[in-house]
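S.K.: If you scroll down you'll find the structure; I have some questions about it.
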Amino acid sequence: MKDSGNYYQDRNFRNLDKINELLDDLPYFCEDFFRGVENRTSPLTRLNYVYDLRIFFDFLCRKKFRGKDVHDLTLEDLEQVTDTDIEIFLSYLSNYRYGEKRLSCDERAKARKLSTVRSLFKYFFNKGLIEVNHTAKVSTPKLHEKEIIRLERDEVADLIDTAELGRGLSKHMEGYHERTKIRDTAILTLFLGTGIRISELVGLNDESIDFKTNSFVVTRKGGNQALLYFSDEVADALSAYLEQKKGDPKVPREKPPLPLFLSLQYRRITVRAVENLVKKYAKIASPLKKITPHKLRSTYGTALYRETGDIYIVADVLGHKDVNTTRKHYAAITEDNRRAVASKVKLHRTEDDE
């Protein structure tokens, strides 16, 4: 599909095409479900529903309705699925096969699949098409808090230096680095200087940036747009990249909007390409930490919270709808602050009081 300049619209079209293709792998009644949830879910959410339900119905055909083809399953079969069957399904997800692949789900993946299955049963139960919904009896897997990995200040500087100078890259990587170092530095600087999501970065166009106010427009989760601001350091990195693009005759000169970050093939850079470049430089700058674009987002959020101490500002800038999400991620810093102020209140008279 040709890039129209609207990354999110193009992504939705691709996801809708994929949903239509994969619906053939599901029972006939699932089309009714997907129509029913269309107005309250995004195409990406529904695509993830398809992936989850493919595994669920494959499990039913293997373990409960042995020998039955997925296309032969009916709503009457759905009514026969008990809470025990769902619990067996969750256990099955620890070590299962789909097609030729052997797979395993962690607790978060299990919880997501359970949520999808619950949505399906709830939809048909509410419509009166099934009389029982046993999924409500199944407890969600306990989710353990994940360790929050982020870069320290010197690691941030090392990461950007690595992108700028190419230190530690293999000979093969060095060949590409001369062509991508300004772009890659701008990408890393934008992540670390604003905390935007990878989809928000990939979706940026040249016209999204306003250097007069050091601001840019991003499309948040759910499709809402937000105006964010960046520092002079970020402005310098973006300006250098845009200047390079301006002088490159191979950059497409079509009518706006034009993608901000381009691949070596002069197309909009992909999410996978951004993930790979972050991984490439991070393995050199911070080899003991598994750094992803989301970890760069956490790094910015941590720095912002330490500077402001205001969880509401951090939530607003990061685009968290619920401040409790932000508070959960930065609770460790709150503990640091509590420890730091513990000795501030004095109980006995000091020399300064004399």
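S.K.: Name the most mobile residue of ALA157, ALA303, ALA237, meaning the one with the largest mean-square fluctuation, in a Gaussian network model of the chain with Cα contacts below 10 Å.
M.R.: ALA157
S.K.: Averaging over every viewing direction, what projected area does the convex hull of the Cα atoms of the range 80-196 cover, in nm²?
M.R.: Approximately 12.8 nm², given one-decimal rounding.
S.K.: Additional query: Between GLU76 and SER263, what FRET efficiency comes out of the Förster formula 1/(1 + (r/R0)^6) with R0 = 35 Å and r the beta carbon distance, rounded to 0.05?
M.R.: With R0 = 35 Å, the Cβ-Cβ based efficiency is 0.10.
S.K.: Over the range 153-288, what is the relative contact order in whole percent, taking alpha-carbon pairs under 8 Å and six or more residues apart?
M.R.: For the range 153-288, the relative contact order is 29 percent.
S.K.: Beyond 36 Å, what percent of the Cα pairs of the chain remain?
M.R.: 38 percent
S.K.: Something else: Check the straight Cα-Cα distances from LYS113 and name the lysines below 16 Å, setting aside those fewer than 8 residues away within the same chain.
M.R.: The reachable lysines, counting only those whose Cα sits under 16 Å from LYS113, are LYS122, LYS137, LYS142.
S.K.: Moving on. DSSP loop trypsin sites (Lys or Arg not before Pro) in the range 75-143 with at most 14 other Cβ atoms within 10 Å of their Cβ, which ones?
M.R.: Within the range 75-143, the qualifying trypsin sites (Lys or Arg not before Pro) (loop, at most 14 other Cβ atoms within 10 Å) are LYS127, LYS142.
S.K.: Would you order TYR96, TYR49, TYR28 from fewest to most other beta-carbon atoms within 10 Å of each residue's own beta-carbon?
M.R.: TYR28, TYR96, TYR49
S.K.: Straight distance only, please: which lysines reach the Cα of LYS280 with their own Cα at less than 20 Å, same-chain residues fewer than 8 apart left out?
M.R.: In chain and number order, the partners are LYS171, LYS181, LYS289, LYS290, LYS295.
S.K.: Separate question: In degrees, nearest 10, range 0 to 90: what is the angle between the Cα axis of helix 83-92 and the longest Cα principal axis of the chain?
M.R.: Computed tilt is about 50 degrees.
S.K.: So how do TYR98, TYR281 line up by other beta-carbon neighbours within 10 Å, fewest first?
M.R.: Arranged by neighbour count, lowest to highest, TYR98, TYR281 become TYR98, TYR281.
S.K.: Next up: Quickly work out the LYS171-to-LYS221 label distance, labels modelled 7 Å from Cα along the C-beta direction, and quote it in nm with one decimal.
M.R.: Distance between the two pseudo-spin positions: 4.6 nm.
S.K.: About the Cα centre, and with charges only on the beta carbon of Lys, Arg (+1) and Asp, Glu (-1), how big is the dipole of the chain? Nearest 20 debye, please.
M.R.: Dipole size: approximately 720 debye.
S.K.: Let me ask you something else. Work out from phi, with θ = phi - 60° and the Karplus expression 6.51 cos²θ - 1.76 cosθ + 1.60, the ³J(HN,Hα) of each residue of the range 284-297, listed in order in whole Hz, and give x for Gly and Pro.
M.R.: Values, residue by residue: 8, 6, 9, x, 8, 10, 8, 9, 10, x, 5, 5, 5, 5 Hz.
Each reported figure results from applying straightforward, stated rules to the coordinates on display, with no laboratory input. Note that the structure is a prediction, hence the values are computed from the model and not measured. We place every Cβ from the backbone using ideal geometry, glycine too, and count neighbours over all the protein chains shown.
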